[in-house]
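Asks: Before I ask anything, let me first share the structure, which is written out below as structure tokens.
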Amino acid sequence: MAEVPILQMHNLGKTFAQNGRAIEALRGANLSVRKGEFICLIGASGCGKSTLLRLAAGFEIPTTGEALMWGMPIAGPGPSRGMVFQDYGLFPWLTVRDNVGFGPRSRGRPKQEIKETTERFIELVGLQNFADVYPHQLSGGMKQRVAIARVLASDAELVLMDEPFGALDAMTRERLQDELVELWSRSGLTVLFVTHAIEEAIFLADRVVVMSPGPGRIDSEYAIDLKRPRDIASRDFNEWRRLLASKLHSHHARKAG
Ligand SMILES: Nc1ncnc2c1ncn2[C@@H]1O[C@H](COP(=O)(O)OP(=O)(O)O)[C@@H](O)[C@H]1O
Ligand SMILES: [Mg+2]
């Protein structure tokens with residue numbers, strides 16, 4: 001029997017009402033994600049990427065269709081699905097340690113377990129020497145590491161990332177991409193990662209899902225068969241870059257025309 005996917009979307013749609021107008025952010029999305037996959041969603045700004053992610057998180061209720069985790073309808077937010085945002089979303093009044101320990105603490109785990117979980121994930125993202133500082137004392141890259149550690153310490157098996165590296169400088173971004181792939185390949189996590197950067201998607205993903213705007217839809221999917229670690233200067237990588245760029249460009253052309 002086929003394994004139940006960790007995440008499934010059936011005819012998923014979302015329409016927002018705004019000033020008496022209906023805005024169809026997402027129409028008829030079908031997606032199936034297996035445990036352990038790394039999926040990147042790409043598409044122009046406004047094509048519904050964040051909406052799709054928020055539906056998976058349970059932050060929004062679908063207008064049509066349904067989203068399922070392990071075959072069960074997603075009815076609201078839950079610790080098994082953790083979201084990482086571009087602007088980090090850390091609690092500024094808590095230290096790194098207390099940010100990372102937030103999930104287990106709020107679920108009332110025993111003191112010793114909270115301590116062990118927290119230290120383990122702080123170490124995993126290499127912030128042992130910064131456990132007692134506050135977010136404003138950290139660089140952007142370090143803050144994003146804290147956000148990732150916090151999601152993992154909360155027991156997330158599905159990590160939802162909404163342009164998480166978009167605010168970082170190019171070098172930090174590349175380093176975090178490497179670290180994320182490394183973490184993912186060791187952990188068995190499943191990642192749904194939104195970006196509008198083609199190169200980032202090809203570097204990270206097992207599968208790239210391309211979305212198109214007006215209304216937001218899933219346009220096509222590509223299995224990226226490049227072996228890891230990936231070489232962004234290789235010919236195969238370049239071919240993917242060209243293919244996806246022309247795909248996305250065709251959306252812009254249609255929209256403008
Ligand atoms: N809460 C909301 N209320 C009204 N419109 C929204 C809301 N959230 C998103 N939208 C609209 O839905 C469309 C898709 O948005 P979004 O999912 O944020 O796209 P993306 O993340 O791809 O840029 C956009 O037109 C956006 O303005
Ligand atoms: Mg967005």
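The values are calculated or read from the model by the stated rules, or taken from the named source; none is laboratory data. Everything numeric in this text was worked out from a predicted model, so none of it was measured. FYI the Cβ positions are ideal-geometry reconstructions off the backbone, even for glycines, and counts take in every protein chain you see. Note: accessible area is taken over every heavy atom of the protein model, side chains too, but ligands, DNA and RNA are not part of it. Shrake-Rupley method; radii C 1.70, N 1.55, O 1.52, S 1.80 Å.
Asks: Can you give me the C-alpha center-to-center distance between the stretch 194-242 and the stretch 1-15, rounded to a whole angstrom?
Replies: 21
Asks: Here is a further query. Given a Förster distance of 30 angstrom, what is the FRET efficiency for SER139 paired with ASN238, based on the Cβ-Cβ distance and rounded to 0.05? If you can, show how the numbers build up before the last one.
Replies: Details: r = 31 Å, r/R0 = 1.04.
Given R0 = 30 Å and the Cβ-Cβ separation, E is 0.45.
Asks: Right, here's the next one. Over all alpha-carbon pairs in the stretch 108-155, figure out the percentage whose distance exceeds 18 Å.
Replies: Working: 292 of 1128 pairs.
It works out to 26 percent of all Cα pairs.
Asks: How high is the FRET efficiency between GLU119 and TRP93 when r is their beta carbon distance and R₀ equals 25 Å, given to the nearest 0.05? Don't jump to the answer; show the numbers that get you there.
Replies: Details: r = 21 Å, r/R0 = 0.84.
After rounding to 0.05, the efficiency reads 0.75.
Asks: Then there's this: Taking the solvent-accessible surface of protein heavy atoms with a 1.4 Å probe, what is the per residue accessible area of the chain in Å²?
Replies: About 50 Å² of surface per residue is accessible.
Asks: To continue, here is another question. Could you grab the Rg to Rh ratio for the chain? Cα atoms only, Kirkwood for Rh. It would help to have the intermediate numbers written out before the result.
Replies: On the way: Rg = 18.6 Å, Rh = 19.1 Å.
Result: Rg/Rh = 0.97.
Asks: Would you check the accessible area of ILE224, probe 1.4 Å, heavy atoms only, in square angstrom rounded to 10?
Replies: Per-residue accessible area (ILE224): approximately 10 Å².
Asks: Let me know the volume per residue of the alpha-carbon convex hull for the stretch 81-145, in Å³.
Replies: Details: hull volume 5.8 nm³, N = 65.
Taking the convex hull of the Cα positions in the stretch 81-145, it is 89 Å³ per residue.
Asks: Can you pull out the GluC sites (Glu not before Pro) in the stretch 1-106 whose DSSP state is coil and whose Cβ has at most 12 other Cβ atoms within 10 Å? Before the final figure, lay out the partial values.
Replies: On the way: sites: GLU3, GLU24, GLU37, GLU60, GLU66; in loops: GLU3, GLU37, GLU60.
Those that pass, being in a loop and sparsely packed, are GLU3.
Asks: A further question on this structure: Among the listed pairs LYS35/LYS115; LYS14/LYS115; LYS49/LYS115; LYS111/LYS227; LYS14/LYS227, which are separated by more than 31 Å between their Cα atoms? Intermediate results must be reported in sequence, preceding the final value.
Replies: On the way: LYS35/LYS115 28 Å; LYS14/LYS115 40 Å; LYS49/LYS115 36 Å; LYS111/LYS227 42 Å; LYS14/LYS227 36 Å.
Flagged as over cut-off: LYS14/LYS115; LYS49/LYS115; LYS111/LYS227; LYS14/LYS227.
Asks: When N counts the residues of the stretch 146-255, how does its alpha-carbon radius of gyration compare numerically with 2.2 N^0.38 Å, as a ratio? Each step should come with its number before you reach the end.
Replies: On the way: Rg = 14.7 Å, N = 110, 2.2 N^0.38 = 13.1 Å.
This ratio for the stretch 146-255 stands at 1.12.
Asks: Summarise the accessible area of the chain (1.4 Å probe, protein heavy atoms) by the percent that is carbon and sulfur.
Replies: Working: 6720 of 12840 Å².
Ligands and nucleic acids excluded, carbon and sulfur give 52 percent.
Asks: Could I ask something else about it? At 7 Å along the Cα-to-beta-carbon direction for both ARG186 and GLU174, put a label point, then send me their distance in nm to one decimal.
Replies: 2.2
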